[in-house]
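The values are calculated or read from the model by the stated rules, or taken from the named source; none is laboratory data. Since we're looking at a predicted model, the values are computed, not measured. Positions of Cβ are backbone-derived with ideal geometry, glycine not excepted, and every protein chain shown enters the neighbour counts.
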Amino acid sequence: MAVAPVVPDRHPPAFARRGWYRRNEIALTPWLFLAPGVLFFTVYVVLPIFQSFGISLYRWDGLGEATYIGLANYRELTTDRAFEISLWNNLRWLVLYLLAIPLGLGIALFLNQTVTGIRLYKSLFFFPFVISQVVVGLVFSWFYLPNAGLLNLILGWFGVSLNVLGDPDLATYGIIVAGLWPQTAYCMILYLTGLNAVDPEQVEAARLDGAKGWKMLWYVIVPQLRPATFIAFVVTIIGALRSFDLISIMTNGGPFGSTRVLSFYMYEKALAEFGFRMGYGAAIAVILFLIMLCFIAYFLWSIWREERGGRG
């Protein structure tokens, strides 16, 4: 008995008949949603970064013809006393601004309790976060007034008087205190969110083992707040490096340029001073970007290390 030959199916399967997009729809859909954001980020963030690197190699007033001078702007920075003061002030901001993290944690621990009037307390501590930095600067400028300011009215009871914003040695610290007010509120919000995610079973187990007070906080609560601490650290560092508005409102870089930071000095050189030294201002911006890039690289490396440890 002869066996009929097998006729191959000339019609491709339904999956193969679908278009290329239909076959890759699951992989492509997230990128389609991300495409507008990536496009705007590239045009308004990435490209200006490279443009700043290029402009820093020129002498340019922003209007006329640019003259290529190589690294002359960077060599000038090494002998610029105002740049040195701005750099040191940025370091002061970085160190002292980190106080917002433990202060925010302490306030969050207090507000996490069930006490009478806790909603009122939360509103009062949350208030600095929702107001503008300009308002914060004005409020603290009035607070520091030499004659009628609240600070000197209080110090007057002890026979002391301070002109905080008029003293080159105190003005920077006075502005940092003003900046800590809303930054502490932001860290407080992060920690309040983190405290809501603390595992109550671990807390109860620690209590059964006799842990309480500082031991409970350090060995049980704080390790579970690592994600909130990480975010607070990142945001606080970036906020310290980007400090501009408070300085502009409270002292405008004075007295005698003692409160300048890199971002404000960049603005002065590029846009505020006569001559508009765009190339020199771009060089300052590049230095500020490289400092910030070091912190960003460390944060990304920390995230990658934690994710690799979690997978392992």
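The figures follow:
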{"item": "One residue from 76, 25 being at pLDDT 90 or above, out of contact with any strand residue (DSSP E or B) (no Cβ under 9 Å at 6 or more places or on another chain), more than 27 Å from residue 176 (Cβ to Cβ) and of a type in the set (Asp, Glu)", "result": "76"}
{"item": "Test: residue in region 260-276 that is in contact (Cβ under 8 Å) with a residue 24 or more places away in the chain and of a type in the set (Asp, Glu)", "result": "no"}
{"item": "Selection count, region 119-139, where residues are closer than 27 Å to residue 295 by Cα and either of a type in the set (Phe, Trp, Tyr) or not in a helix (DSSP H, G or I) (or both)", "result": "2"}
{"item": "Complete set of residues in region 212-229 that are of a type in the set (Phe, Trp, Tyr) and within 26 Å of the chain's Cα centre (by Cα)", "result": "218"}
{"item": "Residue match in region 20-32 (condition: surrounded by 10 or more Cβ atoms within 10 Å (Cβ to Cβ), part of a helix (DSSP H, G or I) and polar (S, T, N, Q))", "result": "yes"}
{"item": "Criterion violated by residue 151 - all others in (1) within 26 Å of the chain's Cα centre (by Cα); (2) of a type in the set (A, V, I, L, M, F, W, C); (3) closer than 17 Å to residue 180 by Cβ satisfied", "result": "(1)"}
{"item": "Residue in region 231-252 that is exposed (fewer than 15 other Cβ atoms within 10 Å of the Cβ), free of Cβ contacts under 8 Å to residues at least 12 places away in the same chain and within 30 Å of residue 172 (Cβ to Cβ) present", "result": "yes"}
{"item": "Region 108-160, subset surrounded by 12 or more Cβ atoms within 10 Å (Cβ to Cβ) and among the polar types (S, T, N, Q), residue modelled with the highest pLDDT", "result": "141"}
